[in-house]
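To keep things clear, I will list the structure first and then write my remarks on it.
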Amino acid sequence: MDCSKRRASAVGDVPVDPLVEILSRVPAKSVCRFKCVSKAWRDLISDPHHRKKLPQAMQGLFCETYKKSGDLHCFSFIDLTARSMPPDIDPSFSFLTEQPGIHSLHFSDSCNGLVLFNHLEGQNSARLGYIVCNPTTKEWKAFQVEEDEKILSVYGYSSETGAWCENQIDEQGEEGQLEGWRRFNFLLGNPQPCPFVNGFLHLIVLDKDQMKIVALDVQGKARRMISVPHVHDRSNWMCCFGQSQGQLHYITQETLHAREQKYKLSIWVLQDYDAQEWVLKGTVNSHEVFGDNSGRGGTEDFEVVGIHQHRNVVFFICPLGHKLMAYNMDREELSTIASFDDKEWLVATAHYAPCF
């Protein structure tokens, strides 16, 4: 009897493929507990091929807020699943912040259940390195990088091996050569995330006054250059870049009325990755969504901070960093999912999907 048949018989003669399909719709914590049922269940769920078919749904957002009174950055969690029981996580990341030698942490990015932090010596101080952690298991690793203006270093972290790999691409080297990509400036200071889609990491780069997307493999080698959606109005610019439902999304912001600061957002999806075909998924008019209050208070009144990983939902900070709002494109509904007091500002968010 082969391995797959033994597994099937051990779980009640249910074929493996339909069973994995069922498990893909079960909460992550339950799937993790199922590994304790028997060795067959453990092997079935732990199999690398099956794990790829068990994506965990996004359950919420970690928020980083700044309190000017104490010059502090604090962390909290917003549950988007409307469950009666909160997830078993530490929303303050005290298992990190209370460690000796760890100073100031700030969100950098999140991917597949892991969160990446910038580790600073103090508020607005020099960077000591980076810390990657799993909020579900409270496991974490720190690493330092030598920054050089003439050398681009790409670091990749494997959650399976727990190791970092580095690939340096200097101006004269041949490694990672892709026609035309060396003349681009990397937006290293841009707070935009770097989506991981189709096995590639995607970075926004700048060619003169035109945005481009470069796709890097897990070794840090450039594999392709992707053009961004073409827009006719030069008042358009990118305001959000990320992945949702397994596809790259690119959101542009167009000024409708500069004095009243009214905007139109256009949400694009890379429908055909190989053919680089961008499709306009929808538009959002800030005046229609936020009403007469959309332009009061300055440019910080209205800011896109992300897109839901599994739904057609866009997240906004409005107004002035005191509210986190969600706009459902399918229902054309706006809702407030978190409010902060007048002395607390939301400065960054990170997606959370449990990873056991």
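The values are calculated or read from the model by the stated rules, or taken from the named source; none is laboratory data. Computed from a predicted model, the values in this text were never measured in an experiment. Methodologically, a virtual Cβ is constructed for each residue, glycine included, from the backbone with ideal geometry; neighbour enumeration extends over all protein chains shown. Just so you know, the surface numbers come from the protein's heavy atoms only, side chains and all, with ligands and any DNA or RNA stripped out. Shrake-Rupley method; radii C 1.70, N 1.55, O 1.52, S 1.80 Å.
Figures for the structure shown
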{"quantity": "Criterion (open to solvent by 90 Å² or more (accessible area, probe 1.4 Å) and either in contact with a helix residue (DSSP H, G or I) (Cβ under 7 Å, 6 or more places away or on another chain) or modelled with pLDDT of 70 or more (or both)) met by exactly one of Glu146, Glu121", "calculated": "Glu121"}
{"quantity": "Of all residues in segment 232-257 being open to solvent by less than 20 Å² (accessible area, probe 1.4 Å) and of a type in the set (Phe, Trp, Tyr), the one that is modelled with the lowest pLDDT", "calculated": "Phe241"}
{"quantity": "Test: Glu344 is in contact (Cβ under 8 Å) with a residue 60 or more places away in the chain, open to solvent by 20 Å² or more (accessible area, probe 1.4 Å) and farther than 18 Å from Gln253 by Cβ", "calculated": "yes"}
{"quantity": "Segment 209-228: number of residues that are within 25 Å of His351 (Cα to Cα) and at pLDDT 80 or above", "calculated": "8"}
{"quantity": "Residue list for segment 302-341, filter: touching a Phe, Trp or Tyr at 6+ places or on another chain (Cβ under 9 Å), part of a strand (DSSP E or B) and not hydrophobic (A, V, I, L, M, F, W, C)", "calculated": "Glu303, Gly306, Lys323, Tyr327, Glu333, Ser335"}
{"quantity": "Pair list, Cβ < 6 Å and 6+ apart or interchain, from segment 107-120 residues that are touching a residue at least 40 places away in the same chain (Cβ under 8 Å) and more than 11 Å from Tyr352 (Cβ to Cβ) to residues that are among the acidic types (Asp, Glu) and open to solvent by less than 20 Å² (accessible area, probe 1.4 Å)", "calculated": "Phe107/Glu64"}
{"quantity": "Scope segment 93-104; condition over 18 Å from Thr136 (Cβ atoms) and open to solvent by less than 30 Å² (accessible area, probe 1.4 Å); matching residues", "calculated": "Ile102, Ser104"}
